[in-house]
Structures are given as structure tokens and as C-alpha cells.
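The values are calculated or read from the model by the stated rules, or taken from the named source; none is laboratory data. Computed from a prediction, not measured in an experiment: that's the story for all the values here. So basically every Cβ, Gly included, is an ideal-geometry build from the backbone, and we count neighbours across all protein chains shown. Just so you know, the surface numbers come from the protein's heavy atoms only, side chains and all, with ligands and any DNA or RNA stripped out. Shrake-Rupley method; radii C 1.70, N 1.55, O 1.52, S 1.80 Å.
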Amino acid sequence: MLKLTRSSSHSTDFEVHRNWLAITYSLPLSQWYFDTTSEWTLDYPPFFAYFERVLSVFAFIVDPKIVQLDNLGYDAWSAVAFQRTTVLVSELVLASAVFQWARRSQKPDYPTAFIIAVSLLFHPGLMIVDHIHFQYNGFLLGILLWSIVAARENNLYLCAALFATLLNFKHIFIYLAPPYFVFLLRRHCYNKSGAFQLDRLVELGAIVLSIVAISFGPFLLAGGPSQIVQIFTRLFPFQRGLNHAYWAANVWALVSAVDRVLVKYLVTRGWPISAEALSSASRGLVGETTFGVLPNITPGLTFSITLGFILIFLAKLWFDPTYKRFLDSVVLSAMTSFLWGWHVHEKAVLLFLVPLSLTAVEDEDHLRAYIIASAAGVYSLFPLLIKPIETPIKIIFTVLWCSLVFGSLRKVVYRPNPSLISFLVGYAELAYLAGFFVLQFYVGFLHDALFGPLYAMPDFAAQAVAAAGAQCVQNATDVLADGSCTGIVDAVVGEVASNILVEGKYEFLPLMLTSLYCALGIVWAWLRLSWAYLVR
Amino acid sequence: MGTPLNRQGGGGAFVVPKPSKTIDRRWAVLDAAALASRSAKSSRRSDRDGGDESASESGASALSNFLPPGGRAKAAPGTTATPRDLTSSPLRTWARWMRNSGKSSWFIPVLVAVALLVKFAVGLGGYSGLGAPPLRGDLEAQRHWLSLTSSSLKSTRLHQPSSYSVSYDRWYDHDRSYWGLDYPPLTAYHSLLLGALARLSSTTAPFVALRPESTSPAHHVSAWNAAMVGLERAGAMKSWMRASVVWGDLLVWITAVVTFCRIRGLTGLSQAVAALTVLLQPALILVDNGHFQYNSIMLGLTLWSVNLFHGGHDLLGAVAFVLSLGFKQMALYYSPAIFAYLLGKCLWIGGRPGMALLIRIGTATVASFALLFAPFLFPPSLLLQAINRIFPFARGLFEDKVANVWCALNVAVKLRDLASVGVLAKLALFATLCAVLPSVIGMLWVSHEAGRRSRASGTNTPDDTSVGNPPTLALLPHALFVSAMAFFLFSFQVHEKSILLPLMPLTILMGGREAGFGRLDWEWAVLLNNIGVFSMWPLLKRDGVGLQYIVVLAAWNAVIGYNPFKLRRSFVKYLSLASYAVAFLIHALELVAAPPAHLPDLFVVLNLTVSAGVFALGFLWASKRLVQEGWAAVGNAQF
């Protein structure tokens, strides 16, 4: 219910999806991936395009203007209400999935699983990304959870089919493909005595390939292989930089920060630093990152690191292909690719937060990792909401959610006797969580108090307008009958109104601190989970 | 026996005695008597309607003050199914989950957080006068007062957002054509405080830039206007102002509601449910956090005065009510009931101590008024000016369309053509007095009679004034409702937002259901709340909070577990169903059809006529209820 109340703000992603509605509605299939009317071109796989096509039919009924291709930036009430409603309705997939998961859950038992299910439905991350920022993650994660449920029920054909479908909705889920592949192969294609069964592999392959055929087939028929090539260039744009527009809370954020600090330090010591790196370091966050001191990171390097870690996890899964280990490896693959990947988007935290929730009460390690990762992950999404009025909402909602969920889940997890180290680590984690309040205090209040933003004072504005007025009196032709000169003054008024906000210094600092602090937490949770996964 | 019990319980309408470990003799007697009468009553009722013992019927709930629902709660485990049926609600389910998972100590923080969250979420939407220069709306009015009052401060620690300064003696005289200050002094001081806070930081100081007087050169005004448009676009001003409302809520209104529920004997689960029911009341949230006003402070101060009366702090209570009046003159709607209670208490005590109390209360009231108005007392012309601004009798009988008797009558009879403003004002005054006086006289009679009887039976000796409250305390919420509703229906210059005043005492009574009675109170309260919000629809629509209107209203009805179809058969059930049907019809018509050209206000007029009808019926019902309660209170004092 509360979700609707939040309909009042929207972002670029809102316009992205509106534009996709328009593309899929107004253009023939063969043009979908070629259209460049808007800068927000279609860059999701075909199933998502079909999904938008279905929605656009309803959109046309609601308000034909939504699906006009050249109607860029259209945000009338009808469009907002329609698109928000589609998110809400599509989230029913998630709701059905979590309740299905909870209904037959053995471990955790049903009451705990129910709490986790409700906590997922009201996940602050989903609230921020889907309902305020605007995306369809709830829907997609719902499909993921359905396939996980299928894996639990040992319904492996369904599991494979759902995952293949999901991949054709949003290719970012390819990060989760390795554990799926290994799990299905080991679990399904080897019989009890360990012999390989080719027929089963062929069956699975046929299912996956037929889904891909449904997805890409129409494009192949409509425009031949060039269509497929075009789709792939849209799906995997390699020309982007290491970090996204602002840093996702991953390892590269930490590395970049270390580099910045080294650059500043070495410049004072008179070291030769390339001009490119200097400008990259001083302009904050936007654009490509060039390191001044540390070696530059290439996409190849990030991929090999990611793959290396994932292979380690998969080795363990290969020898022990149980559902529990499969779920853990899904979480770890998502986390690894988030932490070490190239051009990671901050919204990708949801990819591991959601499956991680399912394992939260597995044991003390999982619970602790879950708490730290959820807090850090959700907080790293906070900068997506920039309006000041949204600040108290996101804070209160997150604190409420965290205290209710963490508080309930802590009760059901057996806590082993603490050793000195685990005791200290426990306190360090607590201090880390408390640190979020300090960070929020800095980001939300102290930074502004120290460095602006400043508003131009109305008195300055008055001078500007008065000057314009005086100028206009000199220029007699502009003077109207009543002696005022509305035209010029109005122009100046408009200018003053749009320039009233003077940017403050060190604008990038709050964002940088946020992603660094969150990165620390997520890296820690990842280490802890990996250790538990590999050692225990 | 009656009176000491009265004192012990503070005369609350839904007192739950604590499970007494040290069994006081009086409580033992009470428990025995109550349980006996309870079992008789409930068996009688269960014959009639399937074992719901959740609510005493509307009458004689002064008696039910002494029925221990605590006892019922203790006996509940075996028979939980039956009483839950009609009063189950998502809120209760949630609270039960909280309690069962051992989070009872979290009730208060969580309910406060939920209330704040909803308020902020509603605040995301539009507000009165967003982007509508030159006058804008209520947010600009309040902002203007912030800048007006705080411009009188001169300190080097404060930033100077504009070069104008208005000293306090010109507050009520500054630029009357542009949102001249027309609220009593406490609002001015409140604005002064907020303005000073804003001026502490260079970031927020421009929010309180004083608009140049309307007489100053045009380019000054347009420069200021440009700055305002910039601030409106940046959004930080809106969120700062919104936050100031919410913090006011937190300090005054939320604390008052939580305290009230505690005083009325609710703890833990039931307190949380009762308090949230009140705090999520859609009307107040939509007006304060949507439309933008500071009503919750005024309502909270009045509720604090009721709380203080419960604690026997009559003087402090009177001062709190004066503060409420000093914040918004609209609290005048409550004054007959408060007056009747306080004078009634003096009568109840009787004799010399009663007189002494009267004198003390009078002195405290006059002194606090004098303190409030102190800066404006001298010269007298200043005071007169302030009073003239606060009570603008020169305006018409009604300004905008509002769901009261005059507007409804106006549909048939064009009153304003029949008589001059002065005559109409007298007529309105007379009608209001006629509507209010019976309840005042009734309250006074009840207090007097109860006091006389208990003195006669020797339980209340005149020097025994340090403890205890008269039985009318239990009637106070109803009396507040009756008097505020009378003002709303019959008085002069009513705003549609004034419906908040009658709704407040009724809404706080809704907690009674959590203690197991007051079923009809609850049903009427929901009906009047829903129709009250409906009556503000034209206003809310104008402010761009239509979506919030639907969501908050629907969510509130859902979480408190209200389903008009499932109510027990009674007049209020059919009235509710009928009025909701009409309301839906009006909304649907408005959605699909434009009003005919010669009747542009058709839907508004339909809306207010229906609402006025429901309000009038609510008024009659509450009057009847007051008579019943009063009668029961006097009867109770007999033995």
C-alpha cells in the first residue's frame, strides 16, 4: 500500500522504460534494436522487449501518448501511474515465488521462512530501485527465485528452463550461470554411480536452446544474422569504463580510492604523474578512471579474477552438488562478480542480496554476512534517491526493516560459544553498523554544513533584477505603457531562478565515502561467506 | 463505593486494571462485582449475537469503566477465537506477532517510526500552493510567517537572508495583503523559533527570506519571487518545511496520543494498536503532511490538556489548553467542553474548596493568556489590532464551500442574499450557542449531581480534593466532539479543514476497542473520519494529493480491520453503507463526466451536502451518547 504513496518521484530509468514501450509499440520487430531516437536505446535481451511490447498494448489503452516514439521525457500523471502499476503488478511474480519458497521450506522452518519472505517483499533495496528509482527487478528476481525453488524440489528441467528464460529477460544474470551449469550438469547428467548420461545433457540442452530460439528466433527471421549481431553489440557495450557513473561499492572502488590518495601524496613529493591521471583524480567520479600510481585495470584482468574465484567455488560445488551448496554458490558468484566485475552497476547488489536472504538463517556465519551485506548493500543504493524529501523516508524505512528483520532472524540462529577472535569480530561488525549512522550524519548534514551547497541570496537576485531593470529603462523601446519592463526582468528572473543553487566544494566526497564504506562491508561479508563455504 | 473507584481509575472510559499483585481491598471488591456483572452481561449478549463480548453497547459505558477487560484478557487463551472475530485487524495481527516474538519493548519506537514514515511518505506529494504564484498557498503562508517573525531577530550568529526587518510590534500589521499574520501569538513564537533555526545555517537561511512589502518596487518583489521559484525547484525548502511539521507532530501530537492510550489503561499490544489507529488517522495526515499545516500541534496541546486533567493537574491542563488556543484560535471549538469540565469539577468538589479551585483555574488561565499576549498588551491598540486579525468578523458567513449547515442550506436558500453579514453572524452565533449549551449544561449538571450525591453518602468530603476526578472526565471526549461539531456545523467562517477538530476526540476514543468496548463509538468514528476526509476531497484534489487521499484512506481502513459490510446490524451500519455508496457515486461521476456549465460546482455541492448530513447525524448520535453516559455516571455515583 505504501508503495503507491511513493509514486511521486522518478528517474532516468523511468524514461528509459517509457521509451522502450514506445519503441516496441511503434516500430516493427526488425527495428527495435536499431532505433536511436532516444539516447536510451533498447539494451535488454529479447524477452524483455516482448514484455515491453505486451505492456505497451495496455499503455496505449491508458494513454496513447506514452507509446509515441518522439514524445521524449513524457511524464504525465497517466504515464507515471501506469508504469508504476506495472511494476507493482509484475512484482506479484516475486510475491508468489517467495511464498512458494516459504510454504514448503524445511530449513528454515516455516515461521522463519515466512519472515524472510515478507522481508524480501518489503526489501528496502527493491523499494528504492523498483518503486522509487524505477526498474522491474522484483519481477526478474521473482523468476530467479522460482528457478531456485524448482532446484530445491529437484525439478531440474523447470529450473533450467526458468533460468534460461531469465537470461533472456536480463543478461546480467549471466553472472549466475556458472553455478547453474555445474549444478545441473552434476546433479542431472550423472547417475548415482557417477557415470555420465549424455541423453540427459541433450534434453537439458534442448530445453535451453528452444527457449533461446523463441527469444532470438523472431529477430533472425525478421532480419537475418545482422539482427543478432546488433542485439549483441547492444547487450555487451565494452567501451564503458571500469567504474559506473558513480562507484558501485566494490573492490575497484577501494582500489581507485587508494590510487587517488597515493596520487595526492606523491604529487606533493614531486613524483611525475601523468596529466591524464591527475585530471581523472581531481574531477571526482565521472567518466573513465585512469590510475596514476597503480597499474591500470583492464577488462581482461577483471574477468580473469572474477572467473578465477568463481572456479574455486564451483570446484567445491562439483564435488558436493547439494541444493544448499548450490544456493551458496549462486550467492557467491553474484557477490564475486559484483565485487570484481567490469563496469558494475550499483543496482547489481540486489542480485546477491535476494538469494542471500534465503540462506540467512543457515548458521551464524551466514546470518552475520547477511546482516552486514544487507546493511551495506541497501545503504549503497541510497544515493540513487537524491531528493532531500526522500532522505527521512529511506532512513526510517531501512532502520525499521533492519531492526525488525535482523531482530527476528537472530533469535532462531544458534550462536556458538564465542572465541576471543569471534568476540572481537562481533564487536567490530557492530561498530561497522553503527558507523552507518555517523556516515549518514556526515553525508546528510555535516558535509552540507561544511562545504555548501549555497543558495544565492535573494538580495543578490534583487541586484541582478534591479540592474536589468535599470538597463531596460535606459533602453526606452522596451518600456511598456506602465513604465515597467516586463520582458527583460522576466528573463532575468528566470535565469536567477535556475541559478539559485550554487554548487558546493568536494561534491564527490559524500558519494565516495558512501561507496567506500559500503564496499568494506560487502568485501567483508564476501570473505566470511567464502571462508564458511570453502572450509566448513 | 463508586467514588473511590472512580478516583482510582481516573474515570477513564476504558480502564484496564493492572493484574494486581498486591491486592487492594477495593480492587478485590471491584473484580468480584465486575466479574459477576460481566459474566451475566456477556452470557446475555452471547445469546443474542454469537458470543462477541468485545464491545459494550453504546450506553452505560461509564459502568463498563469498571468491567475489567484485563480479566477477559487473562481468561482469553482458552476462548481466544470468539472475541477476536469482530475486532481482528491487520494491526492486531502485527502487534500479536511482535509480542509473541518477544519484541514488546519495541512497540513504542516501532509505532513512532511507522507514523513518521507514513507522514514523510505523504509529504512526497504536492502541497497547498505549489508553484502557484503570486499568493501560493498554506505552505507559503507559514513560510512567510517564519520569515516575518524571525526577521525581528538581530544576532551575528544568525544569517541574514534578506535586508528587511520587522519588529514584533508590527507583526500583526505587516503587509496585510500578503498572508498577514492572523493566528494567535503562540503560532508567531513557533514561527520565530523555526525561523531562527533556519537562520542558523547558510544553507537553510534563504528559506526564510522575507518577501518585500507589496508596496516596494516591483523588481524587488520579482527578484524575491525568482529566488522562491528556484527554491521550489530545488526541493530542499519543501523538505525542510515538511520536516518541521513532522518534528512538531513527534514532540506534541504523537507523545500526547501515546500518553493518552497509556493513561486510559492500555499497555503493550493494545496500546500500540490503539495509538497507531489514532496516529494513522488519514484526515490529519492529509491536511498536515499533505496540504501543509501545523494542526497537530494545536490538537496535541488540547489532548495534552485532557491527559493532564486525567492526572488531576487541572491548572496545568488549563494552561495547556490556553496554549492550544494561543496556537490556533480554532481550538475555541473545544472551549465549551473544557470549560464545562473544569467548572463542573469545581461544582463536583463543591463548597469552599471548589470555589478555591475555580479561582486558581481562573487565575492560571488569565495569567497564561496575559503571558502569551504580553508583547502585544501595550499599547492597547496593538492588542486590539491583534485580536481583530485573529477574529475576522468582517468576512462572510462562509468563505469556501464547506460541509456545514449553512452551506448545505445555501443549496436551497440563498442565505447571503437574505441578510447582511452582521445579521448572519448573529444568527450563526445563536445557532451555535443553541447547539453547544445543552451539552455544557448537561456536563455541569452531571458534575453537580454526582458531587452532591457522593457528598451525601459521605465518601467525598470537601477537603479531600487532592485526588480524584469527577465522572465527567470520562465524558470529556464525547463532550469535546459535540462542542467542536456544533461549532463546525453552525458557526461563522468555518474552513473545511476544521473538521479535524471534531474528529480528534472521536478518533482517540477508537482505542476503546482495544480494551474491549466502545464498539459503536469505533464504528461512528470510522464513518465520520472517512466522510470527513471525503468532505476535504475538493481541497486535496486542488493540492495534488489525490493519490495520497486514496492510498492513505484505503490503507487506514484496511489496517484497522474495518469492513462496513461486516458490522453488526445497526443504524450506523446502514448509514455507513449508504454514505459510502453515495461518496463512491460522486467520485465516479466526477471521474467520467464534467459538471454542467451552469453548475460548475455541482460535485463539490453534492459532496458537502452529503457530508453535512452525515456530520449532523453524528452530532445527534454523540449528543444522545453524552446523555446516556451522563445518566450512567450520575446513577453510578448513587451507591
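Results, tabulated for the structure shown:
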| read-out | value |
| --- | --- |
| Built amide H within the under 5 Å cut-off of B:THR204, gap 5+ | none |
| Residues of the range A:203-225 with amide N under 16 Å of a point placed 7 Å along Cα→Cβ from A:ARG234 | A:215-225 |
| Dipole magnitude of the range B:264-395, debye to nearest 20 (Cβ charges: Lys/Arg +1, Asp/Glu -1, about Cα centre) | 220 debye |
| Note, ³J(HN,Hα) from phi for the range B:540-555, Karplus 6.51, -1.76, 1.60, rounded to Hz, x at Gly and Pro | 5, 4, 4, 7, x, 10, x, 5, 4, 4, 5, 5, 5, 5, 5, 5 |
| Chains A and B together, accessible area buried on both sides, 1.4 angstrom probe, square angstrom | 3600 Å² |
| Accessible-area ranking of B:TRP145, B:TRP97, A:TRP531, largest first, probe 1.4 Å | A:TRP531, B:TRP97, B:TRP145 |
| Placed amide H near A:VAL344: partners under 5 Å, 5+ positions off or other chain | A:HIS244 |
| Rough spin-label spacing in nm, given labels placed 7 Å along Cα→Cβ, for B:ASP169 and A:LYS264 | 5.6 nm |
| Fraction of accessible area attributable to carbon and sulfur, the range B:476-585 (%, probe 1.4 Å) | 72 percent |
| Accessible carbon and sulfur surface of the range A:1-113 relative to its total accessible area, %, 1.4 Å | 63 percent |
| Mean accessible surface per residue for the range B:332-451, computed with a 1.4 Å probe while every protein chain stays in place, in Å² | 51 Å² |
| Non-local Lys pairs in the range B:312-459, i.e. 8 or more apart or on different chains, that have alpha carbons under 22 Å apart | 4 |
| Residue-count net charge about B:TRP621 - beta-carbon cut-off 11 Å; Lys, Arg +1, Asp, Glu -1 | 0 |
| Listed pairs A:LYS170/A:LYS316; A:LYS394/B:LYS497; A:LYS387/B:LYS119 exceeding 19 Å between Cα atoms | A:LYS170/A:LYS316; A:LYS394/B:LYS497 |
| In order through the range A:387-398: 3J(HN,Hα) via Karplus (6.51 cos²θ - 1.76 cosθ + 1.60), integer Hz, x for Gly, Pro | 5, x, 5, 7, 4, x, 5, 5, 5, 4, 4, 5 |
| Rounded to whole Hz, the Karplus (6.51, -1.76, 1.60) HN-Hα couplings of the range A:135-141, x for glycine and proline | 8, 10, 5, x, 4, 5, 5 |
| Net charge contributed by nearby residues that have their C-beta within less than 15 Å of A:SER193 (K/R +1, D/E -1) | +4 |
| Extension gain from A:SER193 to A:PHE319, taking 0.36 nm per residue of separation minus the Cα-Cα distance | 44.0 nm |
| Debye, to nearest 20: dipole size of the range B:189-324, +1 on Lys, Arg Cβ, -1 on Asp, Glu Cβ | 200 debye |
